[in-house]
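Below is one structure, written out as structure tokens, with a few remarks after it.
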Amino acid sequence: MTGLLWLALDGVGHPLDAPPDSVWDQDLPTLRPLVDAVPALDAVLGVPGLPQSGTGQSCWLTGQNAVALMGEHFGPHPGPTLQALLRAASLPVRLTQAGGRAVLANGYHPAYLQAGTRGPRNRLGCFPFAFQAAGLPLNPGGVPLLGATLGLAYTGPWTEEGALDEIARHGEALGRAAAHVDLLTADLWFSDLLGHQGGPEAGPEVWAAGRAYLRRVDALLWGALQAGARVVLSSDHGNLENLRVKSHTAARVPFFGVGLTLAPATTIVDGGQALAAALGL
């Protein structure tokens with residue numbers, strides 16, 4: 001199936017597992033009805049501890065139980081075991097081998113890419129690692145590259161530097177670009193960074209930024225759907241939905257598709273398999 005846009009949230013638990021007055025409790029006219037319409041997915045997978053991005057994202061990218069492979073929740077960056085899994089079985093690798101085209105739409109700062117590949121230890125996240133493992137470029141030309149902050153300042157107080165209309169237009173551009181590839185992916189990792197600013201002493205600016213980020217995801221999604229894109233949205237683990245704590249959470253996570261039929265899923269491993277099946281893999 002061509003024209004699939006994957007919005008991969010990082011650290012956004014489902015509203016069903018969020019405390020009262022969470023970042024979900026606001027007007028999100030496009031995002032919230034779609035999240036509420038389908039079951040939440042388990043990200044814990046029966047393993048003690050809190051889910052992490054390395055294993056959680058590897059589950060999504062491969063459709064395999066990366067937590068069981070590791071014997072624990074692991075992250076944020078994939079180490080040797082997860083790197084081998086991503087090289088062998090990630091969606092960008094499999095899709096490229098099948099003659100399809102996968103593109104990562106993130107716009108990465110050169111300093112991030114230099115730091116991520118310098119030295120013996122990988123510092124890239126699972127998404128850029130998997131796309132590089134498929135021989136695909138980061139910061140590719142010909143697509144509207146997206147900053148994962150979605151127009152928020154990178155540092156506190158995370159002020160809104162761009163209007164929601166701009167994010168919606170970027171969503172439309174991504175939706176149009178997705179029609180020319182098999183899989184266009186946006187790794188929306190900034191939600192996890194904001195989630196880690198939470199805690200008992202978190203100030204109002206943290207809560208404001210968390211709410212603003214979800215409004216921007218809503219606008220991005222709206223724009224993509226206006227362009228007629230087939231869209232899948234997922235998350236790897238909980239965090240932002242509970243800003244009363246600083247850590248990740250054991251919350252279930254959202255997963256839905258628009259413009260396509262996804263196989264039923266109860267865990268993030270199932271979700272990864274459903275995504276692969278939608279791509280014919």
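The table that follows gives values for the structure above.
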| quantity | calculated |
| --- | --- |
| In Å², nearest 10: area of HIS170 left accessible to a 1.4 Å probe | 50 Å² |
| Stokes-Einstein D for the chain, Kirkwood Rh over Cα pairs, 10 °C, 1.306 mPa s (µm²/s) | 86 µm²/s |
| The range 179-281 shape via C-alpha gyration tensor axes, a/c threshold 1.5 | oblate |
| Packing-based ranking, highest mean first, of 127-133, 222-228 given that Cβ atoms within 10 Å are counted | 127-133, 222-228 |
| Of all accessible heavy-atom area on the chain, the percent that carbon and sulfur account for (1.4 Å) | 54 percent |
| Charged-residue dipole, Cβ positions (Lys, Arg, Asp, Glu), the chain about Cα centre, Debye nearest 20 | 860 debye |
| Candidate residues HIS109, HIS196, HIS248: accessible-area rank, largest first, probe 1.4 Å | HIS109, HIS196, HIS248 |
| Taking the chain and dividing mean pair separation by its residue count, relative contact order in percent (alpha carbons under 8 Å, at least six apart) | 36 percent |
| Helical mean residue ellipticity (222 nm; -39500 (n - 2.57) per DSSP H run of 4+; nearest 500) of the chain | -11500 deg cm²/dmol |
| Span from the the range 82-104 Cα centroid across to the the range 35-65 one, whole angstrom | 19 Å |
| Compactness of the range 99-209 as Cα Rg over 2.2 N^0.38 Å, two decimals | 1.20 |
| Heavy-atom surface of the range 1-141, accessible at 1.4 Å and reported per residue (Å²) | 41 Å² |
| Accessible-area order (highest first, 1.4 angstrom probe) of the listed residues GLU161, GLU201 | GLU201, GLU161 |
| Among ALA229, HIS196, ASN239 the positive-end extreme of the charge dipole of the range 191-251 (Cβ point charges) | ALA229 |
| Global geometry of the range 1-123, whether rounded, prolate or oblate, following the gyration tensor of its Cα atoms and the 1.5 cut on a/c | prolate |
| q = 0.15, 0.20, 0.33 Å⁻¹, the range 229-270: log10 I(q)/I(0) [Debye, one scatterer per Cα] | -0.46, -0.69, -1.17 |
| Net charge contributed by nearby residues that have their C-beta within less than 13 Å of ASP42 (K/R +1, D/E -1) | -2 |
| List PHE74, PHE190, ordered by accessible area with a 1.4 Å probe, largest first | PHE74, PHE190 |
| Rounded, prolate or oblate (a/c below 1.5 giving rounded, otherwise prolate when a/b exceeds b/c) for the range 71-150 by Cα gyration tensor | oblate |
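The values are calculated or read from the model by the stated rules, or taken from the named source; none is laboratory data. Only a predicted model underlies this, so the values are computations on that prediction, with no experimental measurement involved. Neighbour counts run over all protein chains shown; Cβ positions are idealised from the backbone, glycine included. Note: areas computed on protein heavy atoms with side chains; ligands, DNA, RNA excluded. Shrake-Rupley method; radii C 1.70, N 1.55, O 1.52, S 1.80 Å.
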